[in-house]
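A short worksheet on the structure shown next.
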Amino acid sequence: MFRDLLIGQYYAVSSPVHRLDPRSKILISLLLITVLFVITDFYGYAAAAAAVAGAALLGRVPLRLLLRGLRPVLFLLVLTVVLHALMSGREGHVLAALGPLVVTDEGLLLGLRMGLRLALLILVSSLLTLTTSPIELTDGLERLLGPANRIGVPVHDLAMMMTIALRFIPTLMEEADRIIKAQTARGADFQQGGPLQRVRSLVPVLVPLFVSAFRRADDLALAMEARGYRGGEGRTRFKQLRLGPRDAAAAVAALSAAAVIIWLGR
C-alpha cells in the first residue's frame, strides 16, 4: 500500500509535459484545483477527469500508475462518501434508514461529488510531482514566490522545505513498509480485527518511523552543510527557467479546458 503513494515521486521520461517550465505546471495545477472547487455537476467532474487523463497521456505517465496512487487513500474516499451521505440531512428521497441515520438520494449524490473532488485533487497533485523533478519544483516555487522576498519572507527556504517534504513522503512510506514487514516477521499481526483495531496495531510502527525520520533529517542537514549550503542568497543556477512557446500553448489549453469544465459543471 505504501509503495502506491505517488505524491512526491518523479517519473523520469521525456515528454512535452516534462519539458514545460515548472512554473507553468504549478500554475496550471492550481487552476485545475480551483476549478474543482467551483463545479458541482458530474459532467464537470467527467470533463476534469478527461483533462487529467489527457495530461497524463501527454506526459507519458501510465494511467494505471496514476490510478494506483488512489489505493492508499481508498478508505478515506469511501469514508468521505459515506459521511456526506449520512450527514446531509433528510433532503431528497429516502433510500435507506437505520434509526436516526438516513441516506437520501441528495446526500448520496453529494457524497459522490465530494469523493470525486478529493480523488481528482490527489490525481492532479500526483501528476504534478510525477512530471516535475524536485529541483525544478523548488526553482519554480521560488520564482513564483519571489516577490514575497521584498517583505522579508524567506522564499528560498520555504520552497526548499516544501520540496524536501514532498520528496521524503515516498521515502518514509518505504521505511514504514519495511518496519511493518520486520514486525510481521516477528509475529505482529496487522490484518486482524476491525478498522479501529488495525489502526491501534499501527501505533508500534510510528515510534521507529519517527526515529528514522529524525535521523534522515539530521543526515540531510549535515550533508547540506558539508557541501557548503548556506541558503539561497547569492546562489546561481545551472539551469535558468525560461517561459517559451510551449508554455504559452499549455496555458491556452489549460484555460480552454477550465472554461469547458466550468461550463459543463455549473
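Looking at the range 222-234, which of its residues are surrounded by 10 or more Cβ atoms within 10 Å (Cβ to Cβ) and modelled with pLDDT under 70?
Within the range 222-234, G231, G232 qualify.
Out of the residues in the range 39-56 meeting the condition of being modelled with pLDDT under 90 and not hydroxyl-bearing (S, T, Y), tell me which one is farthest from I262 (Cα to Cα).
Of the residues in the range 39-56, the ones modelled with pLDDT under 90 are 40-42.
Checking the rest, the ones that are also not hydroxyl-bearing (S, T, Y) come to 41-42.
Numbers: D41: 9, F42: 11 Å.
Across the range 39-56, the extreme among qualifying residues is F42.
Of the residues that make up the range 15-33, is at least one more than 19 Å from Q240 (Cα to Cα), touching a residue at least 24 places away in the same chain (Cβ under 8 Å), buried (at least 18 other Cβ atoms within 10 Å of the Cβ) and over 17 Å from the mean Cα position of the chain (by Cα)?
no
List pairs: first in the range 105-127 and within 30 Å of L137 (Cβ to Cβ), second among the acidic types (D, E), Cβ under 7 Å, 6+ apart or cross-chain?
none
From L112, L101, L121, which residue is assigned by TED's automatic domain parsing to the domain that holds L79 and under 21 Å from P62 (Cα atoms)?
Working: L112 fails: under 21 Å from P62 (Cα atoms); L101 fails: under 21 Å from P62 (Cα atoms).
Step by step, each of L112, L101, L121 is checked, and only L121 is assigned by TED's automatic domain parsing to the domain that holds L79 and under 21 Å from P62 (Cα atoms).
Quick one: what pairs do we get from the range 148-168, first residue free of Cβ contacts under 8 Å to residues at least 24 places away in the same chain and not assigned by TED's automatic domain parsing to the domain that holds Y10, second hydroxyl-bearing (S, T, Y) and surrounded by fewer than 15 Cβ atoms within 10 Å (Cβ to Cβ), C-beta under 6 Å, 6+ apart or different chains?
Nothing qualifies.
Is it the case that some residue within the range 72-79 is at pLDDT below 85, under 19 Å from Q9 (Cα atoms) and not assigned by TED's automatic domain parsing to the domain that holds Y11?
No, because not a single residue in the range 72-79 is at pLDDT below 85, under 19 Å from Q9 (Cα atoms) and not assigned by TED's automatic domain parsing to the domain that holds Y11.
Return the residue satisfying two criteria in turn: it lies in the range 35-49 and is within 18 Å of the chain's Cα centre (by Cα) and either among the hydrophobic types (A, V, I, L, M, F, W, C) or not in a helix (DSSP H, G or I) (or both), and of such residues it is surrounded by the fewest Cβ atoms within 10 Å (Cβ to Cβ). Explain how you work it out, then say what you get.
So in the range 35-49, the residues within 18 Å of the chain's Cα centre (by Cα) come out as 35-37, 45, 48-49.
Among the residues that remain, those that are also either among the hydrophobic types (A, V, I, L, M, F, W, C) or not in a helix (DSSP H, G or I) (or both) are: 35-37, 48-49.
Details: V35: 23, L36: 20, F37: 9, A48: 26, A49: 15.
Taking the candidates together, the pick is F37.
Please name all residue pairs, on different chains or six or more residues apart, with Cβ atoms under 8 Å, provided the first residue is in the range 35-60 and is not assigned by TED's automatic domain parsing to the domain that holds Y11 and the second residue is modelled with pLDDT of 95 or more and not β-branched (V, I, T).
Matching pairs, first to second residue: none at all.
Please pick out the residue among D189, D219 that is surrounded by 10 or more Cβ atoms within 10 Å (Cβ to Cβ) and modelled with pLDDT under 80. Break it down into steps so the answer makes sense when it comes.
On the way: D219 fails: modelled with pLDDT under 80.
None of the other options fit; the residue is D189.
Which residue, of S133, S125, is out of contact with any Phe, Trp or Tyr (no Cβ under 7 Å at 6 or more places or on another chain) and closer than 26 Å to R19 by Cβ? Walk me through how you get there before you give the answer.
On the way: S133 fails: out of contact with any Phe, Trp or Tyr (no Cβ under 7 Å at 6 or more places or on another chain).
Being out of contact with any Phe, Trp or Tyr (no Cβ under 7 Å at 6 or more places or on another chain) and closer than 26 Å to R19 by Cβ holds for just one of S133, S125, which is S125.
Starting from the range 65-89, keep only residues that are surrounded by fewer than 16 Cβ atoms within 10 Å (Cβ to Cβ), then list their pairs with residues that are among the polar types (S, T, N, Q) whose Cβ atoms are within a distance under 9 Å, requiring at least 6 positions of separation or different chains.
That search, which allows pairs on different chains as well, returns G89/T104.
The values are calculated or read from the model by the stated rules, or taken from the named source; none is laboratory data. These numbers come from a predicted model, not from an experiment. All Cβ positions, even for glycine, are placed from backbone atoms using ideal geometry, and neighbour counts span all protein chains on display.
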